[in-house]
Amino acid sequence: MKQVFIPLSFTEPPALPPDAQLMPLSGHTMGTTWSVKLLVSGGPQLQNQLQMLEQGIQAQLDQVVAQMSTWLASSDLCQFNQAAAGTWHRLPAEFFKVLDYAVFIAQQSAGAYDPSIGRIVNLWGFGPDKHDDLPGDPALQDAKQSSGWQKLQLDRVNQRAYQPGGLAIDLSSIAKGFGVDQVARYLESQAIPSYLVEVGGELRGFGTKPDHQPWWVELEQAPAIGQATPSAQDRMKILALHGLSVATSGDYRRYIEKNGHRYSHTIDPRTTYPVTHPLASVTVCHAECMVADALATAMMVMGAEQGLAYANQLHVAALFLSYDVVRDNTDNHFTEHMSNAMQAMLDA
């Protein structure tokens, strides 16, 4: 197993207190789990400090849910989606920041990424309106007419967004990464010298452990078709996270099966249909988990060839794993592609 240190942050890890202890914290958020490993000073106040940190972490993630959840009817996002046509709405700072960046990626990716596909996601049964029926073309075309990132008018001075009518935002492909970043910022505000944050598989690390080793993590790999988890030989690359985040988008996480066909939860906003190319997963490394999360989704929609060109254009470290056969076959082989930035890291 090859160990790779990616020095995206050139700051020296902070000095650890002499009585530093490695402690775990965990909880639930966004329909998944979160976990944090961090270093704190020991002493009689340790348990009180850990309780305070756990509450603070949960508060950061609860705020993301309250603002950006598509499943919580009272969230700011759901309130915007249900708003009357022709109205402007002032958004919380965090919500506006994420939406603004999502629109930027949508423009940059020529619509391969689009935060306005909430209605289309729901029609396929991947949103809060759960159902087992496949959508018909008329319903998808109707949803497409009210979608489109170009319809998302933003007033950046006053942090407002315009609801043209029937436009439904879905930030599921970026909010989790933003939550990771918020937790990291909170921990740094509490003078935590070293941590590893994980929310639903998305990661961000900083500093070193008591043994002076960085936070080594495995790059997530897609399981072979018909397997629940990747085989041991597939898990071959690990990275050191110091000032670095890792996010993965893969069609093996969520999908539906109908009439012997598997429909990926990754929907191409340009066609309104789940992707059919053989790309199984994309893993992106970036200093900000919000950025890595959104880019992984955009590249997953694009497919290996276009996604790889996009990653190289942005000088982003990305790993692509494609099925060697059509996704309904039971063959277990994959083809791996890496962006130039990722290859340079592995060769270092």
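With R₀ set to 22 Å, the beta-carbon distance separating LEU346 from ASP211 gives a calculated FRET efficiency near 0.40. Estimated at 0.36 nm per residue, the fully extended path between ASP62 and ASP142 surpasses their Cα-Cα distance by 25.5 nm.
At a 1.4 Å probe, what is the % contribution of carbon and sulfur to the accessible area of the chain?
Working: 7890 of 15310 Å².
On the chain, the fraction of accessible area on carbon and sulfur atoms equals 52 percent.
From helices alone, the chain scores -9500 deg cm²/dmol at 222 nm; the rule is -39500 (n - 2.57) for each run of n ≥ 4 DSSP H residues, then divide by the residue total.
For GLN107 and ALA287, FRET efficiency with R0 = 25 Å and r from the beta-carbon atoms, rounded to 0.05? Could you put the intermediate results ahead of the total?
Numbers: r = 21 Å, r/R0 = 0.85.
E between ALA287 and GLN107, to the nearest 0.05, is 0.70.
Take ARG90, project a point 7 Å from its Cα along the Cβ direction, then tell me which residues of the range 64-80 have their backbone nitrogen under 18 Å from it. Flagged as within label range: 67, 76-77, 79-80.
Quick check on the chain: take the gyration tensor over C-alpha atoms, sort the square-rooted eigenvalues as a ≥ b ≥ c, and tell me if it's rounded (a/c under 1.5), prolate or oblate. In terms of gyration-tensor shape, oblate. The residues of the chain have, on average, 44 Å² of accessible surface per residue, using a 1.4 Å probe with all protein chains present.
Among bridges DSSP assigns within the chain, what percent are antiparallel (round to 5)? Display every interim value, and only then the final one.
On the way: 57 of 62 bridges.
Rounded to the nearest five, the antiparallel share is 90 percent.
Compared with the alpha-carbon gap, the fully stretched path from ARG160 to GLN55 is longer by 34.8 nm at 0.36 nm per residue.
The values are calculated or read from the model by the stated rules, or taken from the named source; none is laboratory data. Computed from a predicted structure; not experimentally measured. Quick reminder, even Gly has a Cβ in these numbers, built from the backbone with ideal geometry, and neighbours come from all protein chains shown. Heads up: the accessible areas ignore ligands, DNA and RNA and are worked out on the full protein's heavy atoms, side chains in. Shrake-Rupley method; radii C 1.70, N 1.55, O 1.52, S 1.80 Å.
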